[in-house]
Amino acid sequence: MEQGQWREARRLVREARRVVALTGAGISAESGVPTFRDAGGLWRSYRPEELATPEALIRDPRTVLEWYAWRRSRLSRCRPNAGHRALARFFLKRGEAGLVTQNVDGLHTHAALEEAGDAPPDPALPIELHGAVGRDRCNGCETRWPAEPLADSLPRCASCGDLRRPDVVLFGETLDPEVLERARLLAERADLCLVVGTSAVVYPAAALPLATRESGGHIVEVNVRSTALTEAATVALRGEAGTVLPALLD
Ligand code: BV8
Ligand code: ZN
C-alpha cells in the first residue's frame, strides 16, 4: 500500500473530531458470509436482487423464506472478524456512536458486545439501515419477533394473520425513516467517513458518504478493489478489512 496514502489516512483518523463508518458485505466476507456481488452470493442460481423484493415475497413466499433460512443457517456458523472488532474498539474508545451498516448479519452487534465486555456497548452498536435477518416481522402489522426456524406451513402473524417475514428492507421497500434520519445526521455532521467493504451501488445507503463530503468532510475507503465511490474518496486503501482496519484504527 502506498506509504503516503497510509500516512494521510492515519492523519485523517487521528485529527477527526467526528467519525462515521459505513460498512457493506465486504467486512463480513472474512467471517464466511457471502457478499452480494461475489460468486458466493448466488443461491440456487437466483441473484439476490431477484429474491429480496416484495414482489418475490408475494409471488413465491416459500422460496424467499427458504433463502433467508439458508442464509440464517450459514450465519449461525459465522463470528465477527478482526475488522468488526477493530471498528468496535475504535467507537468504544471514542465513546461516541458512528457505525452504520447495510449488513443484516448482526456481526457488528456481536463484536460490540464482545469488545465492550462489562462496559456499555452502545457507542459500538450499529445503525442497521437494512434491518437484521435475526428478527422476523409481520408483513402486515409490523409486529416483531425473534427469528424462528422455517416450518412446513408458512409462518403467520397471530394478531393479523399476515405473513411473518425477515425484518429486513427488501429492494423497492423504503427504509425506516427514523433509522435513515439518524444515519443521515451522523454522516452530515462527521468530518471523516470510513467506507468499508461496500460496492456503494445501493441507495440511499451509498449517498451517506457523499453527505459527509458535501459538509466539508473526508472519505477514506477500505476495499480490495475500486468501487463507485473511489473517485469521491480522499484516500482509498486497498486490502482486506480484517487486515487494514486494525492497522488503521488501533
Ligand atoms: C428505496 C437487505 C424507496 C435484504 C438490502 C437511486 C438510484 C438507483 C436505484 C435506486 C435509487 N433509489 C432507490 C433505488 C432502488 C434500490 C437500489 O439502490 N438499487 C440498486 C441495486 C441500484 N434501492 C432500494 O430499493 C431501497 N429502497 O430506495 O425505497 C424507493 C423504492 C423504489 C424506487 C425508488 C425509491 C432499499 C435498498 C435496501 C435493499 N436491501 N439488503 C437482504 O440482505 O436480503 S441491500 C443489500 O445489497 C445489502 O444490504 C447491501 O446494501 C447491498 C449489497 O451491497 P454491498 O454490501 O456493498 O455488497 P457487494 O457484494 O455489492 O459488495 C461487496 C464489496 O466488498 C465489494 O466492493 C468488494 O470489493 C468488497 N470486499 C469483498 N471482500 C472484502 C471487501 N472489502 C474489504 N475486505 C474484504 N475482505
Ligand atoms: Zn400482523
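The values are calculated or read from the model by the stated rules, or taken from the named source; none is laboratory data. This structure is a prediction, so every number in the text was calculated from the model and none was measured. A quick note on method: Cβ atoms are made from the backbone with ideal geometry, for glycine too, and the neighbour counts reach across all protein chains shown. For accessibility, only protein heavy atoms count, side chains too; no ligands or nucleic acids. Shrake-Rupley method; radii C 1.70, N 1.55, O 1.52, S 1.80 Å.
Structure values in brief
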| read-out | value |
| --- | --- |
| Phi-based couplings in Hz for segment 206-222 (Karplus 6.51, -1.76, 1.60; Gly and Pro marked x) | 5, 7, 4, x, 5, 5, 5, 5, 5, 9, x, x, 10, 10, 10, 9, 10 |
| Alpha carbon centroid spacing (whole Å) that separates segment 176-226 from segment 87-120 | 17 Å |
| Selection from LEU57, GLY161, ALA241 lying farthest towards where the dipole of the chain points positive, charges on Cβ | ALA241 |
| Rough spin-label spacing in nm, given labels placed 7 Å along Cα→Cβ, for PHE171 and ARG74 | 1.6 nm |
| Radius 14 Å from Cβ of GLU214, net charge of other residues (Lys, Arg +1; Asp, Glu -1) | +1 |
| Semi-axes of the equivalent ellipsoid for the chain, Cα gyration tensor, largest first, Å | 32, 18, 17 |
| Label-point separation in nm, ASP122 to LEU154, each point 7 Å along Cα→Cβ | 4.1 nm |
| Net charge over other residues, Cβ less than 13 angstrom from the Cβ of ARG18 (K, R count +1; D, E count -1) | -1 |
| Share of carbon and sulfur in the accessible heavy-atom surface of the chain [1.4 Å probe, %] | 52 percent |
| Gain upon complete extension [ASP162, GLU231; 0.36 nm per residue less C-alpha separation] | 20.4 nm |
| Chain lengthening between TYR46 and ARG135 when straightened (0.36 nm per residue, less Cα-Cα) | 29.7 nm |
| Accessible-area ranking of TYR46, TYR68, largest first, probe 1.4 Å | TYR46, TYR68 |
| Neighbourhood charge, 13 Å Cβ-Cβ cut-off, centred on LYS93 and excluding it, Lys, Arg +1 and Asp, Glu -1 | +1 |
| Computed [θ] at 222 nm, deg cm²/dmol, the chain (DSSP H ≥ 4; -39,500 (n - 2.57); rounded to nearest 500) | -11000 deg cm²/dmol |
| Where segment 122-186 is the region considered: accessible area per residue in Å², 1.4 Å probe | 53 Å² |
| Cut-off under 5 Å, modelled amide H: who pairs with ARG135 long-range | ALA147, ASP167 |
| Accessible area, probe 1.4 Å, largest first, for residues ARG77, ARG85, ARG189, ARG182 | ARG77, ARG189, ARG182, ARG85 |
| Dipole moment magnitude, nearest 20 debye, the chain about Cα centre, only Lys, Arg, Asp, Glu C-beta charged | 420 debye |
